[in-house]
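The values are calculated or read from the model by the stated rules, or taken from the named source; none is laboratory data. What you are looking at is a predicted structure, and each value in this text was computed from that prediction instead of being measured. When we count neighbours, we look across all protein chains shown, and the Cβ atoms used for this are built from the backbone with ideal geometry, even at glycine.
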Amino acid sequence: MNSQGDQSSLQGSGEHTARPVPTNVMGLSGVFTDPLWRISVRLTPVEADLLRTEPLRRLHFVAHAGASTISTLQSYSRLEHTLGVLALVAHFRPEDELLRVAALLHDIGHLPLSHTIEGISDLNHHAIGLQLLGTDPIRSVLETYGIRTEAVVAALGGQTPSPLTNRSGLLNLDHLDSYVRSGRAAGRLDTDPAVLLGRLALKGSVVSADRGTVASLVDLVCAEARLHTLWDNVGPVSVVRRLARRLLDNSALTPDQLARMTDPQLWSAFDSCAATRAESGMIRYEPHRLRVVAGHAPGDRSGWDFSLRKIYSSAPLVGEQPVEVSAPELAAELGALRSLSTDFHVWWS
């Protein structure tokens, strides 16, 4: 076969064009295949159009794991997680157009580095997300397809329990994807996600499974909670929060402008500000110099105190019953997470 001749033939023909891969995140092929769950989602027109809007594209440049991407291999984006949640909804509720749209939009309000700078200057990704739902370009796309913003808010769990964000403390699809995706990145996932998926069900708004599968999920939940209390998360997150506050105090940047940055834009802003430049370089290139201890240090010790905002511990149902009833030993494992230290002292060595 003459490869040079074949290539010339391809170049001369308009019929031979490159095709997007199945994991293309802009809906160009009409089908998206999630690489974690291996679910192929046939995208609807509204889903494809939403994927091409700025709020969704921006999530491709926001790390799901926040500042802990500095110290771990959890480098996947908030958009990858979003598409994973869409895939789960398409698996369990394929005909629920509203829930599918809500899955795509549930994280659009996230700040740069996700949860890392949540709460600074009262910034709240839930409130920002709701605001974005009611403004262009999201609003105009929804209106084109006859979808009301209020309906999307309701599907997100505004008033009634939702498979995306139920307030029950039980495992929803959003957290399911987070735990399993994080477990894969950390090398602690001992079951093929596609096999795991076959053992799961959705009971109303809550994930349900058999006793053995629930035990595996509880292991992931507990491992994720402990990761949040380790040096790998506490050190980088505490530094970036300090940098964000200092940036707002020493530049013309407003909290609203900070909230809509991507991760690269935030790092660029840190590097451009004299008050944050040095420590910004230290946390990226010398994080090994950070020291972290549980508890608050005496007042005469250098460094700073840091407190975790929240530790997640949502559990699935065992069949149709909570773990407290069907698997009290698993409930005890989750309960033990409440004894984890959430207060730390951090300093540069």
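Here are some notes:
- Being of a type outside the set (Ser, Thr, Tyr), surrounded by fewer than 12 Cβ atoms within 10 Å (Cβ to Cβ), over 23 Å from the mean Cα position of the chain (by Cα) and under 29 Å from Leu176 (Cβ atoms) is a property that does not hold for Glu333.
- Pairs where the first residue, in the stretch 21-45, is in contact (Cβ under 8 Å) with a residue 60 or more places away in the chain and β-branched (Val, Ile, Thr) and the second is outside any loop (DSSP other than H, G, I, E, B) and surrounded by 19 or more Cβ atoms within 10 Å (Cβ to Cβ), C-beta under 8 Å, 6+ apart: Ile39/Ala87; Ile39/Leu88; Ile39/Ala90; Ile39/Leu197
- With respect to the stated conditions, Phe32 is crowded, with 22+ Cβ neighbours inside 10 Å and either of a type in the set (Phe, Trp, Tyr) or modelled with pLDDT under 95 (or both).
- Looking across the stretch 320-349, the residues that are assigned to a loop (DSSP other than H, G, I, E, B) and closer than 17 Å to Leu308 by Cβ come down to Leu340, Ser341, Thr342.
- Answer residue from the stretch 46-58, given it is free of Cβ contacts under 8 Å to residues at least 60 places away in the same chain and aliphatic (A, V, I, L, M) and is farthest from Glu95 (Cα to Cα) among those: Leu56
- Here Leu164 does not fit the description of being touching a strand residue (DSSP E or B) at 6+ places or on another chain (Cβ under 8 Å) and closer than 25 Å to Val101 by Cβ.
- Identification of helices (runs of 4 or more DSSP H) wholly contained in the stretch 48-105 with 2 or more residues that are in contact with a helix residue (DSSP H, G or I) (Cβ under 8 Å, 6 or more places away or on another chain) and under 15 Å from Asp174 (Cα atoms) yields 78-92, 97-105.
- Which listed residue is of a type in the set (A, V, I, L, M), buried (at least 24 other Cβ atoms within 10 Å of the Cβ) and under 15 Å from Ala48 (Cα atoms), from Leu105, Leu113: Leu105
- Across the stretch 131-164, the qualifying residues are those that are among the aliphatic types (A, V, I, L, M) and in contact with a Gly (Cβ under 7 Å, 6 or more places away or on another chain), and the one among them that is modelled with the lowest pLDDT is Leu164.
- When Val214, Val218 are checked against the criterion of being in contact with a Pro (Cβ under 6 Å, 6 or more places away or on another chain) and closer than 22 Å to His91 by Cβ, a single residue qualifies: Val214.
- Inter-residue pairs, beta-carbon under 8 Å, first free of Cβ contacts under 8 Å to residues at least 12 places away in the same chain and in the stretch 301-324, second of a type in the set (A, V, I, L, M) and crowded, with 16+ Cβ neighbours inside 10 Å, 6+ apart: Glu324/Ala331
- Yes/no for Leu247 being more than 24 Å from Ala315 (Cα to Cα) and touching a Ser or Thr at 6+ places or on another chain (Cβ under 7 Å): yes
- Filtered residue count, the stretch 280-310, keeping only those that are surrounded by 15 or more Cβ atoms within 10 Å (Cβ to Cβ), assigned to a loop (DSSP other than H, G, I, E, B) and in contact with a helix residue (DSSP H, G or I) (Cβ under 9 Å, 6 or more places away or on another chain): 1
- Among residues of the stretch 161-185 being under 22 Å from Gly198 (Cβ atoms) and of a type in the set (D, E, K, R), the one that is farthest from the chain's Cα centre (by Cα) is Arg184.
- Checklist (1) in contact with a helix residue (DSSP H, G or I) (Cβ under 7 Å, 6 or more places away or on another chain); (2) within 30 Å of Ser121 (Cα to Cα); (3) surrounded by fewer than 18 Cβ atoms within 10 Å (Cβ to Cβ) applied to Arg226, failing item: (1)
- Scan the stretch 124-169 for residues that are part of a loop (DSSP other than H, G, I, E, B) and closer than 19 Å to Leu56 by Cα and the total you get is 11.
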